[in-house]
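Since the structure comes first, as structure tokens, the remarks are kept for the end.
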Amino acid sequence: MTSFGFSLLATNGAARRGRIASAHGTAETPAFMAVGTAGTVKAMTADAVRATGTEIVLGNTYHLMLRPGAERVASLGGLHRMADWPGIILTDSGGFQVMSLAKLRKLDEVGVIFRSHIDGSAHHLTPERSIAIQHALDATITMAFDECTKFPATYDEVAASMRLSMRWAARSRDAFARRDGYGQFGIVQGGIFPDLRAESAAALTDIGFEGYAIGGLAVGEGQTRMFEMLDVINPLLPDHRPRYLMGVGTPDDLLGGIARGIDMFDCVMPTRAGRTARAFTARGIFNLRNARFADDARPLDPGCPCLGCARHSRAYLHHLFRAEEMLGSMLLTAHNLTYYQRLMAGARCAIETQTFEEYAVATREGWARGDD
């Protein structure tokens, strides 16, 4: 059985090139993880996700505990078997969704009592219950249960929220069933306050996790402030553990995060954009609903190996969205995930060759040039 581990293979400034080893295979970093909240990446088969170069997918505790139920997933062989994904699966703890989606929430030291956004049924989610659900799902990487601090919030509100999350992190660690090849990540909180971020990072490293996530960013504070927080947090985290920036983001966010030492990212942006006719390309973002594409026979993004670019024209993709055909969402979602994975592959190569800064500059220049 393979132990869960992280190997740092190269650095270029603060940028890191690494590899995660687990019970469900390996993943190269920097990595972008596809979001499969309810056990599926929307509009994609598992084979289609694999074809993009994706090596890690996400599931979500909150959504899967409500439907179809963690025990049912376990009885069907776990999420890997049920979703046809034998590779690495990371499960979010459900804390964000409880705060953003659930009804009639009541939070205390023990956990959160809430009502389902689906049918109004009552549930009690605690650190112990969240970890047990993630275990039942057979998550390769389990996330500690935390409170998602609102933004904006006062210093005292952020401090109280962060310290509650640190107490929950300790309970999450105690509840985690340690197995070869499986890992658990703690989540750094503290809003936009450097001293609170430092306190959180210290508390988590004292507990000890297989990896460390950074939560509570990309929630309205802006890219500049997010990068400022990364400059504070990353030097405080262990070099020999992966660093995961949660819920981020745009391609430009990814380049900035990598430059500051982030190893892992996830975001619904590429898949959600694919379902709404927006395409990420080497020349910026296109809206395929625009009339200018109606007679454009060129591929969407020359050089992209995805099915939409290799087999179809911009005009055809435009037609699919205008006709409200589901194939448009399928092709563009696959394209966007492929674009994100190619961006990550380029970053890994650039770090290995000590040219990451040049790679980032050239990539941003391509976006700025726009379409020919």
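Please treat every number below as a calculation from the coordinates, not as lab data. In this text, all values refer to a predicted model and were calculated from it rather than measured experimentally. Cβ atoms come from the backbone with ideal geometry, glycine included; neighbour counts cover every protein chain shown.
By the Cβ distance rule (another cysteine Cβ under 4.7 Å), the unpaired cysteines of the chain are Cys148, Cys267, Cys306, Cys349. Divide by every residue of the chain the summed helix terms, -39500 (n - 2.57) for each DSSP H run of at least 4, and state the resulting mean residue ellipticity at 222 nm, rounded to the nearest 500 deg cm²/dmol. Helix contribution divided over all residues of the chain: -12500 deg cm²/dmol. Can you tell me the length gained on complete extension of the stretch Asp252 to Thr45, counting 0.36 nm per residue apart and subtracting the Cα distance? Between Asp252 and Thr45, full extension yields 71.8 nm more.
Taking amide hydrogens as placed 1.01 Å from N in the peptide plane, the amide H of Ala10 sits under 5 Å from those of Arg17, each at least 5 positions away in sequence or on another chain.
Over all distinct alpha-carbon pairs, what is the Kirkwood Rh of region 9-105 in angstrom? Don't skip to the end; give the middle numbers.
Working: mean 1/r = 0.0676 Å⁻¹.
It works out to 14.8 Å.
If I fit a long axis through the Cα atoms of helix 356-369 and take the longest principal axis of the Cα atoms of the chain, what angle between them do I get, 0 to 90°, rounded to 10? So the inclination is approximately 50 degrees.
Antiparallel DSSP bridges in the chain: what percent, to the nearest 5?
Numbers: 24 of 48 bridges.
So the antiparallel bridges in the chain amount to around 50 percent.
Label positions at Arg178 and Ala291, each projected 7 Å from the Cα along the C-beta direction, are separated by 6.5 nm. The ranking of Ser7, Ser165 from fewest to most other beta carbons within 10 Å of each one's beta carbon is Ser7, Ser165.
Shape summary: region 44-100 maps onto an equivalent ellipsoid whose semi-axes, from the alpha-carbon gyration tensor, are 21, 15, 9 Å in decreasing order. Using the Cβ-Cβ distance between Arg369 and Leu101 with R0 set to 51 Å, the FRET efficiency works out to roughly 0.80.
Dipole magnitude for the chain: computed about the Cα centre from +1 point charges on Lys and Arg Cβ and -1 point charges on Asp and Glu Cβ, it is near 760 debye.
Please state the relative contact order of region 83-193 as a whole percent: Cα pairs under 8 Å, 6+ residues apart? Can you show the working numbers first?
On the way: 163 pairs, mean separation 29.2, N = 111.
With pairs under 8 Å counted, the relative contact order is 26 percent.
Plainly put, region 5-267 has a radius of gyration that is 0.94 times its Kirkwood radius, both from alpha-carbon atoms, as the Rg/Rh ratio.
The modelled label-to-label distance between Ala122 and Thr276, using points 7 Å beyond Cα along the C-beta direction, is 3.6 nm.
On a full-extension model of 0.36 nm per residue, what is the gain between Tyr155 and Thr205, subtracting their alpha-carbon distance, rounded to one decimal in nm?
Working: separation 50, 0.36 × 50 = 18.00 nm, distance 2.26 nm.
Net length gain for the segment: 15.7 nm.
Convex hull volume of the Cα atoms of region 274-369, normalised per residue: 83 Å³.
Give, in nm to one decimal, the length gained when the segment between His319 and Cys349 is fully stretched (0.36 nm per residue of separation minus the Cα-Cα distance).
7.2 nm
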